[in-house]
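Only the coordinates and a few stated rules stand behind these numbers; no lab work does. What you are looking at is a predicted structure, and each value in this text was computed from that prediction instead of being measured. Glycine also receives a Cβ, built like all others from the backbone with ideal geometry; neighbour counts cover every protein chain displayed.
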Amino acid sequence: MNKKYIVQARVFKAMSDENRLKILELLHEREYNASELLAEMDFGQSTLSHHMRILLSAGIVQARKNGKWTYYSLQKKAYEEMAEWLRQYL
């Protein structure tokens, strides 16, 4: 299968969960660390780790370490690429 379809399918799959959409909405506002995200969500640390692993794997979220904390933010380039891909069907 064409690699571009694999990447896009991974992004759509990552965005197909209500909790992950809420995380993406929060990250649209600003960068968050895991503790801050947990305070906004209705689940525990292991579930957050699961969701963040999927979002990171899809390439739509990026992580950076600062001391003991990991900070998450949106990977804007991935959104621009997806928007461009979707425009061809509009």
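Calculate the dipole size of the stretch 1-54 relative to its Cα centre from +1 charges on Lys and Arg beta carbons and -1 charges on Asp and Glu beta carbons; express the result in debye to the nearest 20.
Approximately 540 debye in magnitude.
Using the Karplus curve 6.51 cos²θ - 1.76 cosθ + 1.60 with θ = phi - 60°, what ³J(HN,Hα) values do you get for each residue of the stretch 38-43, in whole Hz, with x for Gly and Pro?
4, 5, 8, 9, 10, 7
Cα extents of the chain along the three principal axes, largest first, in whole Å?
Per principal axis, max minus min of the Cα coordinates gives 40, 23, 23 Å.
Net charge near TRP85: determine it from the other residues with C-beta under 14 Å of the C-beta of TRP85, scoring Lys and Arg +1 and Asp and Glu -1.
Net local charge, TRP85 excluded: +2.
Got a sec to turn the phi values of the stretch 18-30 into Karplus ³J(HN,Hα) couplings, 6.51 cos²θ - 1.76 cosθ + 1.60 with θ = phi - 60°, whole Hz, x for Gly and Pro?
4, 5, 5, 5, 5, 4, 4, 5, 4, 5, 5, 6, 5
Check cross-link reach from LYS4 to the aspartates and glutamates: straight Cα distance under 13 Å, and skip same-chain residues fewer than eight apart.
Counting by Cα, and skipping residues close in sequence, LYS4 has these aspartates and glutamates nearby: GLU81, GLU84.
Taking 41 Å as R0, compute the FRET efficiency from the Cβ-Cβ separation of GLU31 and LEU90 and round it to 0.05.
According to the calculation, E is roughly 0.85.
Could you tally the net charge around ILE23, taking each other residue with its Cβ under 14 Å from the Cβ of ILE23, Lys/Arg +1 and Asp/Glu -1?
-4
Amide H neighbours of ASN33 under 5 Å, counting only residues 5+ apart in sequence or on other chains, H built in-plane at 1.01 Å?
TYR72
Mind giving me the nanometre distance, one decimal, between the label points for ILE6 and THR47, set 7 Å out from Cα along Cα→Cβ?
With each label point 7 Å from Cα toward Cβ, the separation is 3.2 nm.
Hey, for a label at SER73 modelled as a point 7 Å past Cα toward Cβ, could you say which residues of the stretch 7-25 have their backbone N under 13 Å away?
none
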